[in-house]
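Asks: My questions will all concern the structure given below.
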Amino acid sequence: MRKVIGVGETILDILFKNDQPQAAMPGGSVFNGFVSLGRLDVPLVFISELGNDKVGNFISEFMKENHIPTDYVDRFPDGKSPVSLAFLDDNNNADYIFYKDYPNQRLEVPLPHIEEDDIFILGSYYALNPALRERIVELLDYARERKAIIYYDPNFRSAHKDEVVRLRPTILENFEYADIIRGSDEDFFNMFGDKDVDKVYKEQVRFYCKRFIATRGAESIVLYTDTWNETFGVPAISPVSTVGAGDNFNAGIIYGLLKYNIGREELLTLSKEKWEAVIRCGIELATDVCLSCSNYISKEFASAYSKRF
């Protein structure tokens with residue numbers, strides 16, 4: 001059975017509205033999508049790190065409850081598990097402040113077993129961090145060697161805009177590894193100073209990766225391949241919170257690739273009809289997340305959704 005392997009940060013998100021705390025839940029760019037995939041009974045391998053503290057214990061138990069194995073989670077004794085504060089504005093979009101205290105030695109876990117057509121996902125600053133780069137490249141090389149589908153979400157926050165010149169070579173290297181790149185127009189503005197996703201694809205992405213999905217908030221989604229592109233509408237909703245929307249869009253795309261049995265070779269010539277079915281999965285998971293304060297789809301949604309296939 002195909003599985004999904006992910007590497008990324010695990011963090012405790014504390015959500016604020018009108019400067020008052022509303023909720024606290026485990027989060028992280030790849031992690032949020034993995035909770036949803038776990039609730040959909042997708043086989044998972046998650047590579048991450050947590051402090052050997054109360055926050056780490058809380059997150060570790062949450063992972064087990066949501067079918068995310070902890071075998072490849074490094075529990076470091078020095079330092080503390082990271083925490084983020086997410087402040088929602090009037091449109092329920094989030095502005096983040098992060099608190100982190102990592103040790104010098106990180107991600108001291110073995111390589112997981114990866115098989116052909118498994119899906120390997122990475123993203124966010126975690127995939128660019130110089131302190132982790134050697135380990136990330138090792139995982140990428142292994143995933144490519146094993147012929148897995150590599151899915152990359154830059155998820156590049158404005159907090160790192162002042163580092164973009166230094167990080168751009170690493171971003172482009174990740175582009176070159178990727179079989180699918182998915183990002184928001186905000187990500188590309190922060191990385192390349194341009195929200196025109198057509199221009200971004202032609203000038204920044206196409207040379208490295210032919211399959212590019214650009215999300216434009218509540219406006220639309222644009223899919224590019226090497227021979228055609230298509231724009232998809234998104235449902236009009238009144239979001240409670242957009243935290244985790246992009247992460248769960250990724251989870252939906254991955255779920256669609258698995259459910260429709262789309263392997264790495266088929267990606268090269270995938271029809272518009274199949275792509276549309278996959279994109280719809282992404283939209284549906286992201287929509288459910290936006291209708292609550294949670295970072296992931298609800299267990300009730302997951303149960304009903306999996307029965308549809």
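Matching residues to (1) small (Gly, Ala, Ser); (2) surrounded by 15 or more Cβ atoms within 10 Å (Cβ to Cβ):
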residue: His67; (1), (2): no, yes
residue: Asp71; (1), (2): no, no
residue: Ser84; (1), (2): yes, yes
residue: Glu116; (1), (2): no, no
residue: Asn129; (1), (2): no, yes
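Asks: Now a separate question. Every residue in the range 140-156 that is surrounded by 24 or more Cβ atoms within 10 Å (Cβ to Cβ) and part of a helix (DSSP H, G or I), please.
Replies: Of everything in the range 140-156, just one residue is surrounded by 24 or more Cβ atoms within 10 Å (Cβ to Cβ) and part of a helix (DSSP H, G or I), namely Ala143.
Asks: Here is a further query. Which one of these does Asn229 not meet: (1) touching a Phe, Trp or Tyr at 6+ places or on another chain (Cβ under 9 Å); (2) within 18 Å of Lys274 (Cβ to Cβ); (3) of a type outside the set (D, E, K, R); (4) buried (at least 22 other Cβ atoms within 10 Å of the Cβ)?
Replies: Evaluating Asn229 over (1) touching a Phe, Trp or Tyr at 6+ places or on another chain (Cβ under 9 Å); (2) within 18 Å of Lys274 (Cβ to Cβ); (3) of a type outside the set (D, E, K, R); (4) buried (at least 22 other Cβ atoms within 10 Å of the Cβ) leaves (4) as the failure.
Asks: Continuing with this model, one more query. Of the residues Asn57, Asn32, Asn91, only one is loosely packed, with under 14 Cβ neighbours inside 10 Å and of a type in the set (S, T, N, Q); which?
Replies: Result of the check over Asn57, Asn32, Asn91: Asn91.
Asks: Let me ask another. Of the residues that sit in the range 216-226 and are touching a helix residue (DSSP H, G or I) at 6+ places or on another chain (Cβ under 7 Å) and in contact (Cβ under 8 Å) with a residue 40 or more places away in the chain, which one is surrounded by the fewest Cβ atoms within 10 Å (Cβ to Cβ)?
Replies: Per the criteria, the residue is Leu223.
Asks: Could you check the range 101-139 and list, in sequence order, the residues that are charged (D, E, K, R) and farther than 19 Å from His160 by Cβ?
Replies: Across the range 101-139, the qualifying residues are Glu108, Glu115, Glu116, Asp117, Asp118, Glu134, Arg135, Glu138.
Asks: When residues of the range 1-51 are filtered for being closer than 19 Å to Val289 by Cβ and not hydrophobic (A, V, I, L, M, F, W, C), how many remain?
Replies: The qualifying residues number 17.
Asks: What are the residue pairs meeting all of these: first residue in the range 193-204, first residue in contact (Cβ under 8 Å) with a residue 60 or more places away in the chain, second residue among the acidic types (Asp, Glu), Cβ atoms under 6 Å, and 6 or more apart or on different chains?
Replies: Pairs that qualify, where the first residue is in contact (Cβ under 8 Å) with a residue 60 or more places away in the chain and the partner is among the acidic types (Asp, Glu): there are none.
Asks: Something else now. Do we have Thr287 as hydroxyl-bearing (Ser, Thr, Tyr), in contact with a Ser or Thr (Cβ under 7 Å, 6 or more places away or on another chain) and not in a loop (DSSP other than H, G, I, E, B) here?
Replies: no
Asks: Tell me yes or no: at least one residue of the range 16-32 is assigned to a loop (DSSP other than H, G, I, E, B), over 23 Å from Arg133 (Cα atoms) and touching a strand residue (DSSP E or B) at 6+ places or on another chain (Cβ under 8 Å).
Replies: Within the range 16-32 (the criterion being assigned to a loop (DSSP other than H, G, I, E, B), over 23 Å from Arg133 (Cα atoms) and touching a strand residue (DSSP E or B) at 6+ places or on another chain (Cβ under 8 Å)), the answer is yes, since at least one residue qualifies.
Asks: Select from the range 163-188 the residues that are over 18 Å from Tyr224 (Cα atoms) and aromatic (Phe, Trp, Tyr) and list them in ascending order.
Replies: Result: no residue meets the conditions.
Asks: Also: Working carefully through the options Pro82, Pro103, find the one that is in a loop (DSSP other than H, G, I, E, B) and of a type outside the set (A, V, I, L, M).
Replies: Sole residue among the options that is in a loop (DSSP other than H, G, I, E, B) and of a type outside the set (A, V, I, L, M): Pro103.
Asks: Considering only the range 56-68, I want to know if a residue exists there that is among the basic types (Lys, Arg), under 20 Å from the mean Cα position of the chain (by Cα) and closer than 30 Å to Ala218 by Cβ.
Replies: Checking the range 56-68: not a single residue is among the basic types (Lys, Arg), under 20 Å from the mean Cα position of the chain (by Cα) and closer than 30 Å to Ala218 by Cβ.
Every read-out reported here was derived from the displayed coordinates using simple, explicitly stated rules and does not represent laboratory data. Nothing here was measured: the structure is a model prediction, and the numbers come from that model. As a convention, Cβ positions derive from the backbone with ideal geometry for all residues, glycine included, and neighbour counts pool all protein chains shown.
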